[in-house]
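Working notes, structure below.
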């Protein structure tokens, strides 16, 4: 009897296992009819899939399709992951889907994750019935070409935690129903075409960590109710068209660590912090590119966690608050482009972690406080275009152990370039002493600044020749010496970067000087990266070298107001990226080369006041330019000038 019972139990167990196995097999082999209809509808809306994933969607076993995941118990589709970027062991592939987003996806009522981000060519609208996906936790539709509004029904997705709709062409109002989604911790709606105001209902989003609305067309004030977001970690409203003043209620954001309100039309004074202890976690604050006025709040130093703050390009006035010296964690401070006056407070020297200090384009007066010499970690110092009237560069500037980028343009500096700049503790990478009253020559030791990338000495009174050592600046990418009294040859400039296959220079401006020679070196060495070349208003003569056609990256060429002669170099036609060509007021003769018609990207042309003759080559782009581009050449004819005589 016992053996029979044991046998019976064994048969029962095998039956149960077989049934369960059959169920699992059916779940894997047959798709839920509603889910199958939804996925098939989505596939039918796509006519190009460069990844080839949708081509494998065949048969009834949708849970086995690439990018699809199902619940093992119910067999229902829970995830669609078809992002544009596909990562494999060998490479990262950017795929693309062209077609419309089918409304059929709203039939997937068990869906928890929908990821169609960065498919580039996906068009259509967010389905109005998106609210049917009430199990959805993550929605990624960013970097596509979706249009139209965000449906109000999105407020029914009560489980939603991540919403990424950025970088599309979405428009209309941001739906207030988003305020119902109390589980949301990230909203990315930036880089769209949204209008209207920020919904008051956002104050309900108690779990929100990141709100990004920049690059839209939002208007109105930042709602005071947004100050109720006690758990907000990051607020980004930058680059919109918001209007109004920042409400004092932002003081209530006690846990916020990042606040981006930049690039809007915000007005009024900065309202926070009103007292100590408010916004204690705020680490990153961006308010630049607005219309904020008034003073920097005297209590600004209460924001003790600030690491990076930019108040640039507003209408702030008055003195720099000494309380900034209390921001012990501060690494970057941007105050440029305001109306700040007075002197730099001594307390700035207390910012021991400061890496970057930018106070350019203000009304700051000298002298510079010696306490700034304590900024041992400072790497970038920009005091350009103030009323400092420094007379000379303080020696302690060159003794800062980490300083590598020095911008002192328009600071009233006089005399010669000081020798102590040749031996700074940290190699100088960028040096801007333009728009001062420097005299004498460019020192021969300049070539010892072997890590120099950018050198701007323009609009001074420098004389003599360019020293041969300039050719040793093999990392130099930007050289601006315009509006001085430098003479002789420019040969040394076109030897810079010859140790690299394509050279290092990208920007060269030697205009408004007295150079007489050196153009024969253009294009001879490794200068293939030069994009901007201005040699205008000098004393250069002779024939343009054909080697100029080797500057394949050149976008702007200005040789105007010199004494160049002979025929126009046909090699210029090889500069396929050229957008600006200015050769006016020289002595060029002969015809305009017909190959100039190859300059398809040309937008600005001036060949006036030369000795050119013959018919202007017919066709674009030459026919698009006005008469003023060709006048002053008595021998020229043809469109846009008078017709040629037969």
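Among [x] 40.7; [y] 29.6; [z] 31.5, which one is mean projected area of the Cα convex hull in nm² computed from these coordinates? Among [x] 40.7; [y] 29.6; [z] 31.5, the one derived from this structure is [x].
Its alpha carbons considered, segment 342-392 gives a radius of gyration followed by a Dmax of 10.6, 29 Å. Centre-to-centre, using Cα atoms only, segment 49-114 and segment 417-433 are separated by 57 Å. Between helix 33-44 and the chain there is an angle of about 20 degrees, using the helix long axis and the longest principal axis of the Cα atoms. In terms of packing, defined here as the mean over residues of other Cβ atoms within 10 angstrom, the peptides 432-440, 619-627 line up highest first as 432-440, 619-627.
The packing ranking, built from the mean of other Cβ atoms within 10 Å per residue, places the peptides 449-460, 290-301 in the order 449-460, 290-301, highest first.
Debye-formula intensities of segment 427-517, expressed as log10 I(q)/I(0) at q = 0.14, 0.18 Å⁻¹, are -0.43, -0.73 (one equal scatterer per alpha-carbon, no solvent).
Within the chain, antiparallel bridges make up roughly 10 percent of the DSSP beta bridges whose residues both belong there. Helix 2-29 and the longest principal axis of the Cα set of the chain meet at an angle near 40°. Here 275, 102 are placed in order of increasing Cβ neighbour count within 10 Å, fewest first, which gives 275, 102. Over the chain, DSSP H runs of length four or greater, each weighted -39,500 (n - 2.57), average out per residue to a 222 nm ellipticity of -2000 deg cm²/dmol. Can you work out the base-10 log of I(q)/I(0) for segment 39-95 at q = 0.13, 0.16, 0.20, 0.30 1/Å, using the Debye formula on its C-alpha atoms alone? Listed by q, the Debye log ratios stand at -0.37, -0.55, -0.82, -1.32. Compactness ratio for segment 301-413: Cα radius of gyration over 2.2 N^0.38 Å (N = residue count) comes to 0.96. With both residues required to sit in segment 74-145, DSSP beta bridges show an antiparallel share near 25%.
With the convex hull drawn around the C-alpha atoms of segment 400-558, the volume per residue stands at 99 Å³. Sorting the segments 598-609, 551-562 by their residues' average number of neighbouring beta-carbon atoms within 10 angstrom, most packed first, yields 551-562, 598-609. Here 57, 65 are placed in order of increasing Cβ neighbour count within 10 Å, fewest first, which gives 57, 65.
Each value in this text was obtained by applying a stated rule to the coordinates, not by laboratory testing. Worth saying up front: this structure is predicted, and the values here are computed from it rather than measured. FYI the Cβ positions are ideal-geometry reconstructions off the backbone, even for glycines, and counts take in every protein chain you see.
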